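Presented below is the structure to which this report refers.
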Amino acid sequence: MKTLKEEIVGLFQKCGADIVRFGAAGACKDPAVLKLMPEAKTVICAAFRQLRGARRGIEEGSTYYQYTTNAVEVLEENVMPIALLRVSALIEDHGFEALPQRRNQLIMQEEGSTNFEMDHTTVYRGKKAENVLDFEQCALDCHLGEMGESGSLLTDEFGPFQRYVFIITDAEIEPDKAVEPHLCDKCGKCAAACPGNALKSGKRDPWQCSVYYNGANMTKNPFMPPDAFADDPERLAVITGECDLSPERAKELLEQLIFYPPVKHSYRSSICGRACDTACYIHLEGKGVLSKKFQSPFRKRPEWKLSILEPEK
């Protein structure tokens with residue numbers, strides 16, 4: 001007879017999960033876990049790969065909606081919620097309570113922060129966001145992987161290419177072994193790849209990231225017209241990613257970044273395609289440390305770059 005842990009892993013995998021890990025609720029560093037369920041014994045983390053091919057269009061500079069649609073929206077809004085509900089029902093069939101936790105993309109705990117994947121005008125901040133799980137910390141506490149220098153979680157299988165959800169339960173299940181950091185070598189390639197220098201301080205600037213995630217760098221945005229930001233006194237610094245942006249300045253620019261249509265659920269289409277994660281993946285693949293192998297390397301040609309266009313007078 002299968003154990004409850006084996007049943008949970010098996011059903012998550014049937015629902016599309018690639019990695020399932022278990023952590024002890026009492027050992028979690030995020031206090032929200034026990035605030036949400038004071039009787040919790042276990043936190044379960046399920047990770048779902050982002051298809052490498054979803055980034056192919058951005059890598060080639062040919063088409064862009066696949067990354068946001070297939071590697072973000074479909075996972076967050078369709079695949080992972082269904083998996084969460086099915087596995088939670090399995091746990092409750094065994095007589096234990098299950099609290100499913102998916103990332104709420106529209107809630108930020110920090111008052112002045114933003115989510116670069118979303119329309120910033122739709123985000124709720126501060127006290128409205130109390131007792132929301134710290135997803136990155138919980139993933140570490142469930143022994144999913146290690147934290148990379150860019151702030152993305154890295155796994156042996158997929159590097160930074162996954163998204164994840166949790167179930168908090170009062171079922172006591174044996175936790176997995178801790179992960180010793182061994183993937184991130186602090187090479188700096190993630191920071192160097194960002195088209196907006198959002199990682200130059202050693203920590204992601206969410207507003208700077210948001211502007212360039214949405215395509216403010218002309219050299220990496222084939223949809224930007226030559227007259228973009230023509231009346232902006234800092235135009236050259238903006239379109240080359242060399243401008244240090246305050247939150248207020250970032251909001252001004254975001255209102256003008258409508259060169260590519262958004263997808264549903266308030267998601268903004270990514271023009272950079274998480275260039276930091278792509279650079280990290282290419283580095284890890286080149287080192288041969290990822291367990292998921294492909295027939296050919298992700299980067300098949302030299303990285304492309306467009307010239308800076310001057311607006312017509």
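For segment 261-284, give me each residue that is touching a Gly at 6+ places or on another chain (Cβ under 8 Å) and among the hydrophobic types (A, V, I, L, M, F, W, C). Answer for segment 261-284, where residues must be touching a Gly at 6+ places or on another chain (Cβ under 8 Å) and among the hydrophobic types (A, V, I, L, M, F, W, C): Ile271, Cys272, Cys280, Leu284.
The set of residues in segment 188-233 being of a type in the set (A, V, I, L, M, F, W, C) and either outside any loop (DSSP other than H, G, I, E, B) or out of contact with any helix residue (DSSP H, G or I) (no Cβ under 8 Å at 6 or more places or on another chain) (or both) consists of Cys190, Ala191, Ala192, Ala193, Trp207, Cys209, Val211, Met218, Phe223, Ala230.
Kindly indicate whether any position in segment 88-99 is in contact with a Phe, Trp or Tyr (Cβ under 8 Å, 6 or more places away or on another chain) and of a type in the set (A, V, I, L, M). Checking segment 88-99: not a single residue is in contact with a Phe, Trp or Tyr (Cβ under 8 Å, 6 or more places away or on another chain) and of a type in the set (A, V, I, L, M). Being assigned by TED's automatic domain parsing to the domain that holds Asn131, surrounded by fewer than 20 Cβ atoms within 10 Å (Cβ to Cβ) and farther than 20 Å from Leu90 by Cα, is that true of even one residue in segment 9-21? No.
Among the residues here, Tyr164 qualifies as in contact with a helix residue (DSSP H, G or I) (Cβ under 6 Å, 6 or more places away or on another chain), of a type in the set (Phe, Trp, Tyr) and either crowded, with 17+ Cβ neighbours inside 10 Å or in contact (Cβ under 8 Å) with a residue 12 or more places away in the chain (or both).
A residue that is under 17 Å from Gln66 (Cβ atoms) and either out of contact with any helix residue (DSSP H, G or I) (no Cβ under 8 Å at 6 or more places or on another chain) or surrounded by 13 or more Cβ atoms within 10 Å (Cβ to Cβ) (or both) can be found somewhere in segment 281-290. Scanning segment 62-78 turns up one or more residues that are small (Gly, Ala, Ser), in the same structural domain as Cys138 (by TED's automatic domain parsing) and in a loop (DSSP other than H, G, I, E, B).
Scanning segment 89-101 for residues that are surrounded by fewer than 21 Cβ atoms within 10 Å (Cβ to Cβ) and among the small types (Gly, Ala, Ser) yields Ala89, Gly95. The residue list Glu59, Glu92, Glu136 contains one member that is of a type in the set (Asp, Glu), free of Cβ contacts under 8 Å to residues at least 12 places away in the same chain and not in a loop (DSSP other than H, G, I, E, B), which is Glu92.
Matching residues to (1) exposed (fewer than 14 other Cβ atoms within 10 Å of the Cβ); (2) over 17 Å from Gly61 (Cβ atoms); (3) among the aromatic types (Phe, Trp, Tyr):
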site	(1), (2), (3)
Asn221	no, no, no
Pro225	yes, no, no
Phe229	no, yes, yes
Glu248	yes, yes, no
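So that you can scan it fast, the table gives a plain yes or no per residue for (1) touching a helix residue (DSSP H, G or I) at 6+ places or on another chain (Cβ under 7 Å); (2) under 21 Å from Leu154 (Cβ atoms):
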| residue | (1), (2) |
| --- | --- |
| Ile8 | yes, no |
| Gly26 | no, no |
| Lys29 | yes, yes |
| Arg52 | no, yes |
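One residue stands out among those in segment 102-113 that are modelled with pLDDT under 85 and surrounded by 13 or more Cβ atoms within 10 Å (Cβ to Cβ): the one that is nearest to the chain's Cα centre (by Cα), which is Gln105.
Pairs meeting the criteria (first residue in segment 66-78 and more than 16 Å from Asp277 (Cα to Cα), second residue of a type in the set (Phe, Trp, Tyr), beta carbons under 7 Å, at least 6 apart or on different chains) are Glu73/Tyr267; Leu75/Phe48. Residue pairs whose Cβ atoms lie under 7 Å apart, sitting 6 or more positions apart in sequence or on different chains, and linking a residue in segment 212-232 that is free of Cβ contacts under 8 Å to residues at least 24 places away in the same chain to a partner that is crowded, with 20+ Cβ neighbours inside 10 Å, are Asp232/Val238. The residues in segment 239-284 that are closer than 30 Å to Thr155 by Cβ and assigned to a loop (DSSP other than H, G, I, E, B) can be counted, and the count is 14.
Considering only residues that are buried (at least 18 other Cβ atoms within 10 Å of the Cβ) and among the small types (Gly, Ala, Ser), look in segment 114-149 and name the one that is nearest to Phe166 (Cα to Cα). Looking at residues that are buried (at least 18 other Cβ atoms within 10 Å of the Cβ) and among the small types (Gly, Ala, Ser), I get Ala139. In segment 146-173, what count of residues is obtained for those that are farther than 19 Å from Glu285 by Cα, in contact with a strand residue (DSSP E or B) (Cβ under 7 Å, 6 or more places away or on another chain) and not in a strand (DSSP E or B)? The number of residues fulfilling the criteria is 3.
The values are calculated or read from the model by the stated rules, or taken from the named source; none is laboratory data. Worth saying up front: this structure is predicted, and the values here are computed from it rather than measured. FYI the Cβ positions are ideal-geometry reconstructions off the backbone, even for glycines, and counts take in every protein chain you see.
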